[in-house]
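We did not get these values from a lab; they are worked out from the coordinates using the rules stated. Predicted model only: the values in this text are computed from it and were never measured. Counting neighbours? That spans all protein chains shown, and the Cβs are built from the backbone with ideal geometry, glycine included.
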Amino acid sequence: MYRKLLCKQIGFLAIFTILVMFFGCKQSPKVSEDVKNIKIDLKVDRFDSEFAAATPENLSVLKGKYPYLFPERYADSVWVAKMKDTIQVELLFEVEKEFSDFSQEEQSLKLLFQHIKYYFPKFESPKVVTVISDVDYSNRVILTDSLLLIGLDNYLGPKHRFYRDIQKYISADLDRQYIDVDVAGAFAKKVVPRPQERTFLAQLVYYGKELYLKDKLLPLASDAQKINYSEEQLVWSEANEQAIWRNFIESEYLYSTDNTLARRFLDPAPFSKFGLELDNESPGRIGRYIGRQIVRAFMAKNEVTIQQMLNLPAEEIFKKSNYKPRK
């Protein structure tokens, strides 16, 4: 039994500096002309701003424009009370202060939709509406076939006072840089089939497929950003990839159906749970990082389309990946 996860004997700052220099010297990722030429008619409706400016007298106008945001079971008095509620007013004020200019996010969403359309030609871009959600960070974005709701009060920055009582590993994701990442993730959940097998390997590959899809849909985002890691967390994962994989193999996790493995290595958490002294140094969801490495290795060695890969079983992807962790 492998009992000790060894951290590379290289100073953390040295690793970080080397990686920054290495990636800084590489060419910046580019968007292909084929993607740029895809026509996307994107308009963002700022319901949050319109609701903030609304009065009881013109509430009916807002209801007529956004009927899907006003369930019939609620009387108008509920919405009028919401307009006057001090917490709601403060939420709307903070969102307007942070997102008075939404043009950069709008361009990022348009580019994301162009990439989705490139890889999934039947995709039709949804109507985009920004809202406030009472900091419902578990549902930061809601994507249907025709509508995308973005709860902007979930993207005010990890140190915002609204998030003081939220655990840091969660509030770290509540930043505007993750809006298009979250939208890409919501789309991935619609097209990546859930695994039929209950093994840990099947779950690794499932999340690996999601992250690989983000690679293609968000070519300008960093590897850390796409997995919701800090750069330091990504550096740790890369430096310890071989030791993590050895731990999974020697602990015989790959074909285990133990449900606790998902909580230890796949679910959002402050750190991954190897049961070792270095747990506190590890980022959560380390299994998703390993899954991405497996799928990347598979796609580098096999000529298949993204759609074909998404529908392949985990076992086939794993065997044909010939995955070998970086040393």
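Near the amide H of residue 148, within less than 5 Å, lie the amide hydrogens of 127, 128, 129, all on another chain or at least 5 residues away, with H placed in the peptide plane. The relative contact order of the chain comes to 18 percent, based on Cα pairs under 8 Å that sit 6 or more residues apart. For volume of the Cα convex hull per residue in Å³, the candidate list reads (1) 127; (2) 173; (3) 163; the entry that matches the value derived from this model is (3).
When only the Cβ of Lys, Arg, Asp and Glu is charged (+1, +1, -1, -1), the dipole of region 194-321 relative to its Cα centre reaches about 480 debye. Taking a cut-off of 16 Å between Cα atoms, list the lysines near residue 82, but don't count ones fewer than 8 places away on the same chain. Straight-distance partners of residue 82: 63. Ordering 168, 209, 65, 122 from the fewest to the most neighbouring beta carbons within 10 Å gives 122, 168, 65, 209. With the highest mean first, a sort of the peptides 169-182, 135-148 on other beta-carbon atoms found within 10 angstrom per residue produces 169-182, 135-148. The simple Förster model, with R0 at 22 Å and r as the Cβ-Cβ distance, assigns residue 255 and residue 224 a FRET efficiency of 0.15. The residues 254, 69, when put in order of fewest to most other Cβ atoms within 10 Å, stand as 69, 254.
Phi angles across region 256-263 convert, under the Karplus curve 6.51 cos²θ - 1.76 cosθ + 1.60 with θ = phi - 60°, into 3J(HN,Hα) values of 6, 10, 5, 5, 5, 5, 5, 5 Hz, Gly and Pro given as x.
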